[in-house]
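Taking it in order: structure first as structure tokens, then the write-up.
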Amino acid sequence: MLNQVEKVLQMARIDKRDFELRLTDVHINEVINQAAENARLKVTPREGVINTHLKTDNPYIQADVTHISNIINNLLDNAEKYTEGKPEIDITAKNSNQGVEIEIKDNVIGMTKESLKHIFDKFYRVHTGNRHDIKGFGLGLSYVKALVLAHKGSVNVDSELGKGSTFTLFLPFKQEQ
């Protein structure tokens, strides 16, 4: 419960822009590999897989490593939590013109077009039917969007009910001061 209270307080600070990014050169492939390794601890017992496709020629971005790690971990956690059966998660990272594009594709229960309109709203939870074992307060994706935007990046999602979701992040190589 204390962890959830801390998340609510942290989101309040983010909403007020009462935080400062601690920017360093971050090797995004290392962050992704660490997050994938952590997620495998939950996915493997369910006979699931996580595949990484790290195709970056330049894997360094200027970012706050703690927040970037939290973003990737949050998306992988959701992919595991919202999958019925065996989770199948693919993570792709590649360079684009001004930064790195990260795609996290899964076989989750998927979302309706109506749900997609609200998933980045604070406290919004996607309706999961008869499943009541998915815990949380609807803060994770709100956090993801807020911190990606704080890094001058973007986040998009494509999803189809019953078929899965794909989250695409763009994070620039450099932060304008």
(message) Modelling each spin label as a point 7 Å along the Cα-to-Cβ direction, I'd like the Gln175/Ser96 distance in nm, to one decimal.
(response) 2.0 nm
(request) Please work out the C-alpha center-to-center distance from the stretch 59-90 to the stretch 139-163 and express it in whole Å. (result) 11 Å
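Once you keep just the Cα pairs under 8 angstrom separated by 6 or more residues, what percentage relative contact order results for the stretch 45-121? Kindly include the intermediate steps, with their values, before the conclusion.
On the way: 91 pairs, mean separation 27.8, N = 77.
For the stretch 45-121, the relative contact order is 36 percent.
Is the stretch 54-97 rounded, prolate or oblate when judged by the Cα gyration tensor, a ≥ b ≥ c being the square roots of its eigenvalues, rounded requiring a/c under 1.5 and prolate requiring a/b larger than b/c? It would help to have the intermediate numbers written out before the result.
Working: a/c = 4.19, a/b = 1.65, b/c = 2.54.
Oblate is the answer for the stretch 54-97, as a/c is 1.5 or above yet b/c matches or exceeds a/b.
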(message) Can you compute the modelled spin-label distance between Lys152 and Lys86, with each label point 7 Å from Cα toward Cβ, in nm?
(response) 4.4 nm
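Tell me the net charge near Gln98. Cut-off is 12 Å between Cβ atoms, Gln98 excluded, with +1 for each Lys or Arg and -1 for each Asp or Glu.
On the way: positive: Lys152, Lys174; negative: Glu101, Glu176.
Here the count lands on 0.
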(request) Using a cut-off of under 17 Å, list every residue of the stretch 66-107 whose amide N is near the label point 7 Å from the Cα of Glu20 along the Cα-to-beta-carbon line. (result) 66-67
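If you filter the stretch 26-122 for trypsin sites (Lys or Arg not before Pro), then keep DSSP loop positions with at most 15 other Cβ within 10 Å, what is left? Walk me through the numbers on the way to the answer.
Working: sites: Arg40, Lys42, Arg46, Lys55, Lys81, Lys94, Lys105, Lys113, Lys117, Lys122; in loops: Lys117, Lys122.
Within the stretch 26-122, the qualifying trypsin sites (Lys or Arg not before Pro) (loop, at most 15 other Cβ atoms within 10 Å) are Lys117.
Any read-out appearing in this document is the output of simple, stated calculations on the displayed coordinates, not a laboratory observation. A quick note: this is a predicted structure, and the numbers were derived from the prediction, not measured. We place every Cβ from the backbone using ideal geometry, glycine too, and count neighbours over all the protein chains shown.
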